[in-house]
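See structure below.
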Amino acid sequence: MTEQYDNNSEIIIERKWKRVPMLGGEGIWTYEIGQEPEKSDPDIRESATNPIFCRTDTKQAFQWRIRNLPYPVDTYQLSVEDNDSVIVLRTTNKKYFKRITVPDLERLGIRLNSSLLSKNYANNTLVISYIKPENYLTFEKELKAELAKTKPLSGGDVPCASM
């Protein structure tokens with residue numbers, strides 16, 4: 001797992017996990033926070049009108065952005081399901097469906113609360129926010145205190161694997 005923080009605001013920008021295949025070899029990176037870089041293939045690519053799902057957190061809330069959703073705001077329905085562990089986004093016209101997990105809370109065993117869930121819509125982008133629970137904020141504060149003890153790496157300070 002690697003995490004990238006903004007040193008000024010102390011907000012996490014990117015978190016990704018490397019999943020090693022069962023047969024060995026080079027694993028693939030799975031992005032938990034942030035957006036995977038676009039793969040450049042001149043022969044084939046995704047449609048520019050497909051919805052793009054990305055998680056970007058703030059200090060007070062977990063936040064997900066879904067771009068390229070053209071429906072009016074009253075079309076979207078949010079709910080918490082599956083024993084309070086999954087956020088479900090549906091459209092009333094049945095054109096879009098998404099199950100959203102919050103791995104940060106799952107790792108700590110914290111259940112979701114639908115009263116902390118909200119949505120905003122502007123410029124074909126739906127923003128879903130889930131306010132961080134108090135016990136998660138205390139965990140995050142302890143984690144940041146631990147991270148403050150380490151020295152941040154800049155571009156030239158990265159250790160070389162061949163040394």
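Derivation of every value follows stated rules applied to the coordinates shown; laboratory data play no part. None of the values given here were measured: they were computed from a predicted structure. Every residue, glycine among them, receives a Cβ derived from its backbone with ideal geometry; neighbour counts consider all protein chains shown.
A few remarks follow.
- Helix axis angle, 134-148 relative to the chain longest principal axis, alpha carbon, degrees: 30
- Over 26 Å apart at the Cα level, from the set K16/K149; K95/K119; K39/K59, are K39/K59.
- Cβ-Cβ FRET estimate between D6 and K94, R0 fixed at 30 Å, reported to 0.05: 0.20
- For the chain, diffusion coefficient by Stokes-Einstein and Kirkwood Rh (Cα), 25 °C, 0.890 mPa s, µm²/s: 134
- The value given for segment 20-111 is a Kirkwood hydrodynamic radius of 16.0 Å, derived from the mean inverse Cα-Cα separation.
- Residue among I28, N7, S40 farthest towards the positive dipole end of segment 1-41, charges placed on Cβ: I28
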